[in-house]
């Protein structure tokens, strides 16, 4: 009897601490700044417990049933706390309000628990023993929870399910208490039914935990990860959800198989179709082979050279069945030559000439990548471009990063080319921009390869028109010694994510 | 099989050795390019073996640093090829020497040239010859890539070396006031690069007090500002502001226009310029040829170097001027030529240390460190991905007397300096020891001339500068400021004067 009583003290304490840890972790996870989050969550939780302890003096009668009732409320609020926080973050502006509201409510209720419990059992033991036993088990419960949380709960259950699971434990303790204190409870049956309802609710939540996470958690890797590797150069992650395959490089989405054809058709055909007899094509970046797939739709093309830094990337897209299905085994074509090299260095040392060059690099998120968007880089392209040649540059979003986009246009111009910027809508990315450039005048092509899923000759013309919200803004060019683009890009995307 | 106690102990010891190897990775390295042995032979007036051959040649250049190489460049451009350049080291270049390993080339000392202004006529001419300046534009490949500089202050990196983080309004006001004062000095036209173009008696009084005194006198007491001024003096002159002539301090801040976003730099620093010059004038250069005596005989100079005696009509003395009394017969001791001792190190990094958020820059400085920080040799690479690099670590031993610091450089072994360097870098890169595989250290007792109080307008200096009897001094120390432009200016000027003398 006594042992069971004190085990329930241990469990209550463990539950209390788990909710607190979950609140701190969810806040750190979603908002960042973990030191601040944990400090303020723990602080307000402990303070609220103090309020609870203080309030316990105003409860004079019906201690036992009130105790059970408080347990049930804690079970509900605590059990759903994690799910509530994720939903609040996903669907409201007021995450901190929810966070501290939940923390304070839980703190007050948990603060009430121990003083009430001590008063309930004070007649059974000496006061000395009550204090000693209750507090001992209280602290053991805390240790138990603090070890269980990082070692078992977070890795195996996740934050949403851990909270629900401990909500059930809490409710079970409530149910158990109705038997422990049945002599002190006027209507134990009613309370037991109530306990049952709470447990059913929590179990239902647990069964649907994944749906709650899926609904709320804007985790970029929400889908099933089918491939993940840290190569020498980057972190490659491939996810799949039903028929949607997504590639992430260093957590940046590269394509979604549902609409990548829009991106790649628009990248390749407006320029390549305008070259009268394209024989030699160069692709810089584009280790997924999807641009090469589009290039291979031109029978006149005799050779495609692809320069990508990462051999693991090109190997993956030459061998993985899902991926070769996507790029239609582009890398296995005898016309395709893969070179794994640093693009800038390769350009500087190679003498080769091409009729069309596709520049498909990651966005200029740092100074290293920014070098690939400079006047010097585009000038280096000139030596590799045949008389009839054009090149095209993937140029981030003219909608979300408007200044960055027009900065790239200006940079290509200052390198001495005529530019023909255009844009398309790619659902996975939003409005996306390209800069087509050459040393002679560009006329949109009269025909396109057959079998395209998105691009039409009629649609081509509209792509070169920029509505006012994406229209040109005056920007300086991006230089190796003054990378305006990287600063602008960082600033623009930061504004959007806040 | 039973393990005996002896075997068990041996295993244990082996395990311990294994562990200690793992926890403290071995870092290789040595002292490189030491030249004090040769210097001390001159100082101690040691006997050298008698020459085995005599070469008759119109002109000899002594010293293959930037001054000597620039003199050779000028002579060749004038169509004069009847000369040799004698260099005591195996590698020419002087303070523009460079090194190379499997990762990259890297500098041993001078590592940049600010974008030259209109006054630096010869520098612009050279850079036009080298293709750095084309059609009125600087080749962007040679302008320092973005981000150029950063400073570690208040526990994090800020962009730029001038302190900006957590300045008080008072600090800001002083920075602004200093900027205004310097703008006025700049507008006066008295502070130019090369210094010879604009220097005038109008500002001679600045040479009579130290830069630190000048700052105090003008009410500057902001701590970040004073740190920055001391850093500038240590960086350019190897001296504290208290040991620098106020004229030189003002010159540092007011001699350049801020028009181009520079400076010009290369992975091997000014070694790139040295390499380009050597590609043109290398055929005149004789290395491992230390000039140990220059004797004047009526209309002839006898220049002794290695196993050869050169008999020539003219000498361009491009070696540091303080060597003159030890080399040239009947030269009195010099009193106004002071030099700062330096130490530089090249660290081979097999992986890139954690940068804690700040984007790695070309020049990386830590506030309140006694050293000058490090420069990343891979910064100027077009590569988008670098997983290995070489850092050049700069340390002007500015605190204390130069003589005592020279002694320290000689006395302490490689491990001592290695530890000092790693300890300094550990302030900002906790994982530095895990990344470094090699540290080569170069000690220079007389690394650069020091513009001490009174030295810019020193009568002794102008006498040496004006020497007109077919022996022409050419080292940058004639200006009292050790920078590429001064070395080149004096090298070219000496070459012109020698040509003039030879044609008469």
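The values are calculated or read from the model by the stated rules, or taken from the named source; none is laboratory data. Quick caveat, the model's predicted, so the values are computed rather than measured. Cβ atoms come from the backbone with ideal geometry, glycine included; neighbour counts cover every protein chain shown.
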Within region B:40-59, is even one residue under 26 Å from the mean Cα position of the chain (by Cα), under 22 Å from residue B:321 (Cβ atoms) and surrounded by 24 or more Cβ atoms within 10 Å (Cβ to Cβ)? no
Could you list, in sequence order, all residues of region A:420-443 that are surrounded by fewer than 20 Cβ atoms within 10 Å (Cβ to Cβ), closer than 20 Å to residue A:356 by Cβ and touching a strand residue (DSSP E or B) at 6+ places or on another chain (Cβ under 6 Å)? A:442
Within region B:453-468, the residues that are without any contact (Cβ under 8 Å) to a residue 60 or more places away in the chain and either within 19 Å of residue B:313 (Cα to Cα) or touching a strand residue (DSSP E or B) at 6+ places or on another chain (Cβ under 7 Å) (or both) are B:465, B:466, B:467, B:468
So residue A:419 passes all but one of these: (1) within 23 Å of residue A:343 (Cα to Cα); (2) assigned to a loop (DSSP other than H, G, I, E, B). Which condition number does it fail? (2)
Filtered residues of region B:116-142 (kept if in contact (Cβ under 8 Å) with a residue 12 or more places away in the chain, out of contact with any strand residue (DSSP E or B) (no Cβ under 6 Å at 6 or more places or on another chain) and within 14 Å of chain A (Cβ to nearest Cβ)): B:132, B:138, B:141
How about region B:422-458: which of its residues are surrounded by fewer than 23 Cβ atoms within 10 Å (Cβ to Cβ) and assigned to a helix (DSSP H, G or I)? B:422, B:423, B:424, B:426, B:432, B:433, B:434, B:435
Can you find, within region A:342-361, the residue that is nearest to residue A:233 (Cα to Cα) among those that are free of Cβ contacts under 8 Å to residues at least 60 places away in the same chain and out of contact with any helix residue (DSSP H, G or I) (no Cβ under 9 Å at 6 or more places or on another chain)? A:342
In region B:385-393, is there at least one residue being in a strand (DSSP E or B) and within 14 Å of chain A (Cβ to nearest Cβ)? yes
Condition check for residue B:410: more than 14 Å from every other protein chain (Cβ to nearest Cβ) and either under 18 Å from residue B:270 (Cα atoms) or buried (at least 17 other Cβ atoms within 10 Å of the Cβ) (or both): no
Counting only helices (runs of 4 or more DSSP H) entirely within region B:204-261, those with at least 3 residues that are modelled with pLDDT of 95 or more and surrounded by fewer than 20 Cβ atoms within 10 Å (Cβ to Cβ) are B:211-217, B:223-237
Of the residues in region A:225-249, how many are within 14 Å of chain B (Cβ to nearest Cβ), free of Cβ contacts under 8 Å to residues at least 40 places away in the same chain and either within 17 Å of residue A:263 (Cβ to Cβ) or more than 17 Å from the chain's Cα centre (by Cα) (or both)? 1
Residue among A:106, A:164, A:157, A:85 that is crowded, with 22+ Cβ neighbours inside 10 Å, under 22 Å from the mean Cα position of the chain (by Cα) and either over 15 Å from residue A:5 (Cα atoms) or modelled with pLDDT of 85 or more (or both): A:85
Residues of region A:470-484 being part of a helix (DSSP H, G or I) and touching a strand residue (DSSP E or B) at 6+ places or on another chain (Cβ under 9 Å), in sequence order, are A:470
Select from region A:362-410 the residues that are in contact with a strand residue (DSSP E or B) (Cβ under 6 Å, 6 or more places away or on another chain), within 26 Å of residue A:235 (Cβ to Cβ) and assigned to a helix (DSSP H, G or I) and list them in ascending order. A:408
Taking strands (runs of 3 or more DSSP E) that do not extend beyond region A:228-341, which have at least 2 residues that are out of contact with any helix residue (DSSP H, G or I) (no Cβ under 8 Å at 6 or more places or on another chain)? A:235-241, A:244-249, A:252-256, A:280-285, A:303-307
Do we have residue B:145 as within 14 Å of chain A (Cβ to nearest Cβ), within 27 Å of the chain's Cα centre (by Cα) and either at pLDDT 90 or above or exposed (fewer than 15 other Cβ atoms within 10 Å of the Cβ) (or both) here? yes
Meets criteria (under 37 Å from the mean Cα position of the chain (by Cα), in contact (Cβ under 8 Å) with a residue 40 or more places away in the chain and crowded, with 23+ Cβ neighbours inside 10 Å) for residue A:23: yes
If residue A:317 passes every condition in (1) surrounded by 22 or more Cβ atoms within 10 Å (Cβ to Cβ); (2) within 29 Å of the chain's Cα centre (by Cα); (3) within 30 Å of residue B:358 (Cβ to Cβ) but one, which one does it miss? (3)
Lone unmet requirement of (1) buried (at least 20 other Cβ atoms within 10 Å of the Cβ); (2) in contact with a helix residue (DSSP H, G or I) (Cβ under 6 Å, 6 or more places away or on another chain); (3) away from chain B (no Cβ under 14 Å) for residue A:399: (1)
Residue list for region A:362-372, filter: more than 7 Å from chain B (Cβ to nearest Cβ) and either more than 15 Å from residue B:147 (Cα to Cα) or out of contact with any helix residue (DSSP H, G or I) (no Cβ under 9 Å at 6 or more places or on another chain) (or both): A:362, A:363
Among the candidates B:372, B:397, B:382, single out the residue that is in contact (Cβ under 8 Å) with a residue 40 or more places away in the chain and within 12 Å of chain A (Cβ to nearest Cβ). B:382
If we scan region A:338-359, do we find a residue that is at pLDDT 95 or above, within 14 Å of chain B (Cβ to nearest Cβ) and within 27 Å of residue A:468 (Cα to Cα)? yes
Does region B:267-278 contain any residue that is in contact (Cβ under 8 Å) with a residue 60 or more places away in the chain, farther than 30 Å from residue B:378 by Cβ and not in a loop (DSSP other than H, G, I, E, B)? no
